[in-house]
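Reviewing the structure listed below.
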Amino acid sequence: MSVSQYLPHPYFHVKHDFTILSQSAQSNDVFPHADNFLELVDSGSKSKALSILSEFNRMATCELTMRTLYSPYALMDVSIHWHAGEGHVLCIEKDTRLTELERLVSQHRARLAETNMELLDKKEELEQALTKVKKLSSPLIEITKKEALVPLFGDLDNELIEHNETPLLAKIFEKEYDVIYFDFSGVGGITDDGVSKFVDLLHELDLMGVVPSVVAIKPKHAMHLNKTSINMKIEFQNSLSKVLKKSNCAT
């Protein structure tokens, strides 16, 4: 028995006039009995089949509408290879491939949707974590009963001040501090919005009768502050160690 009997797709061995010499087992499962391959081709596709699949084209492929056991109009990709006056025809149903492709696309979309949800959850977790970090980036540390230190960490931006302004002002008001030192030693980048918000915070302290003092400011930070109009008294200290020594001497 020829190995062509075991091909996974319908196969036909035909003469030059498309008379069927033999066919695979899969052909018997898909197509009705026919003596000539063209009997299986829909009337609207026969001229196309004769034109493209003729033995003048040694190898050719075309799309044909064919008659099967389960449908009178099944779309097939038909390939033929001519050798020694005989043709070897392979038929692959196009609808099956499209269905499989649609299934794969659907699965891919489902995976993308699932991944997007996971990324959204991760984004929310990250945003919550960043908010917590921002809130921990400017703690209030008491130096004396009248002085406190606010060490700033990370980038001085709008979010850093917004997340900490209200609790800081409330704590300062509660403790009745006279001087608040803002330590810039841990500050990295600085934005114009961050400077604007920081200056607003200093004005709030000034209205409360609290003297703000900026400690260990870097040249690049000073440039940003100089671009902002500050109509109030601000003390500047070179280093935190000097501030702490001064406070210890006072106590």
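Looking across the stretch 85-119, the residues that are at pLDDT 70 or above, hydrophobic (A, V, I, L, M, F, W, C) and either part of a helix (DSSP H, G or I) or loosely packed, with under 10 Cβ neighbours inside 10 Å (or both) come down to A110, A113, M117. Of the residues that make up the stretch 220-238, is at least one in a strand (DSSP E or B), of a type outside the set (K, R), within 41 Å of the chain's Cα centre (by Cα) and in the same structural domain as K146 (by TED's automatic domain parsing)? No, the stretch 220-238 has no match at all. Is it the case that the stretch 156-177 has a residue that's crowded, with 19+ Cβ neighbours inside 10 Å, within 41 Å of the chain's Cα centre (by Cα) and of a type in the set (F, W, Y)? No, that holds for no residue.
Within the stretch 27-84, restricting attention to residues that are of a type in the set (D, E) and assigned to a loop (DSSP other than H, G, I, E, B), which residue is nearest to S4 (Cα to Cα)? Ranking the qualifying residues of the stretch 27-84, first place goes to D35.
The values are calculated or read from the model by the stated rules, or taken from the named source; none is laboratory data. Source: prediction; values computed, not measured. Glycine gets a Cβ as well: all are built from the backbone with ideal geometry, and neighbour counts include every protein chain shown.
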